[in-house]
């Protein structure tokens with residue numbers, strides 16, 4: 001069980017509070033053990049770091065990480081309490097709880113491209129950079145808005161060279177050139193914008209320079 005869910009389950013049952021951690025872009029929800037009749041959820045500190053609310057349709061409390069940092073969320077209201085006696089009756093049991101939240105940045109998205117790319121000596125193959133790093137890395141005009149800090153590198157630049165360019169339409173292009181027979185591991189890196197934060201993206205791919213047919 002997620003640490004936040006486990007903590008809030010205890011919290012809403014009346015247990016002591018403790019700090020917890022969430023990740024940017026993730027929403028965590030927990031259903032309390034009792035039916036909530038009325039609830040108010042506020043972000044007392046760090047309103048730009050988290051969003052928090054009560055989902056009345058599903059009787060659950062939710063927290064979403066917006067940006068790295070710290071926040072404090074306060075939930076208050078009443079639970080439904082059924083009293084068994086000569087006749088069933090309902091009472092409201094008040095509650096007020098606070099939770100300290102630490103929001104972490106997105107974990108790096110790291111993958112190895114399983115295809116072995118081939119190129120001939122003296123040949124340069126060009127493709128859209130977004131084919132390798134994702135749709136956010138499509139156009140030059142989106143720098144520092146959808147993407148930033150793009151770098152490309154070859155483990156053996158004497159055999160395989162790699163470079164990023166921009167075509168006449170502002171589309172980011174990746175050029176992979178063969179210099180001499182051999183193999184190299186190419187590494188493509190950059191940051192993409194996700195929910196107001198930056199996620200580091202890394203892709204690696206093996207390239208082979210083959211003889212001309």
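The values are calculated or read from the model by the stated rules, or taken from the named source; none is laboratory data. Computed from a predicted structure; not experimentally measured. Using ideal geometry, Cβ is built from the backbone for each residue, glycine included, and neighbour counts are taken over all protein chains shown.
Among the residues examined, residue 166 does not qualify as crowded, with 19+ Cβ neighbours inside 10 Å, at pLDDT 95 or above and either touching a helix residue (DSSP H, G or I) at 6+ places or on another chain (Cβ under 6 Å) or more than 30 Å from residue 22 (Cβ to Cβ) (or both). Going through (1) outside the structural domain of residue 132 (by TED's automatic domain parsing); (2) part of a loop (DSSP other than H, G, I, E, B); (3) at pLDDT 90 or above one by one, residue 53 falls short only on (2).
Of all residues in the stretch 132-146, which are in contact (Cβ under 8 Å) with a residue 12 or more places away in the chain and either farther than 17 Å from residue 201 by Cβ or exposed (fewer than 14 other Cβ atoms within 10 Å of the Cβ) (or both)?
Listed by number, the residues that qualify are 140, 141, 145.
Here the condition is being within 18 Å of the chain's Cα centre (by Cα) and at pLDDT below 95; of 107, 148, it holds for 107 alone.
Among the residues making up the stretch 111-129, those that are surrounded by 11 or more Cβ atoms within 10 Å (Cβ to Cβ), touching a strand residue (DSSP E or B) at 6+ places or on another chain (Cβ under 6 Å) and outside any strand (DSSP E or B) are 113, 120, 123, 129. With respect to residue 63, determine if the residue is in a strand (DSSP E or B), closer than 27 Å to residue 197 by Cβ and touching a helix residue (DSSP H, G or I) at 6+ places or on another chain (Cβ under 7 Å). In short, yes.
Can you name every residue in the stretch 87-110 that is surrounded by 14 or more Cβ atoms within 10 Å (Cβ to Cβ) and not in a strand (DSSP E or B)?
Going residue by residue through the stretch 87-110, those that are surrounded by 14 or more Cβ atoms within 10 Å (Cβ to Cβ) are 95, 97-106, 109.
Selection gives 105, 106.
Against the numbered list (1) surrounded by fewer than 17 Cβ atoms within 10 Å (Cβ to Cβ); (2) on the phi > 0 side of the Ramachandran plot; (3) modelled with pLDDT of 85 or more, residue 58 comes up short only at (2).
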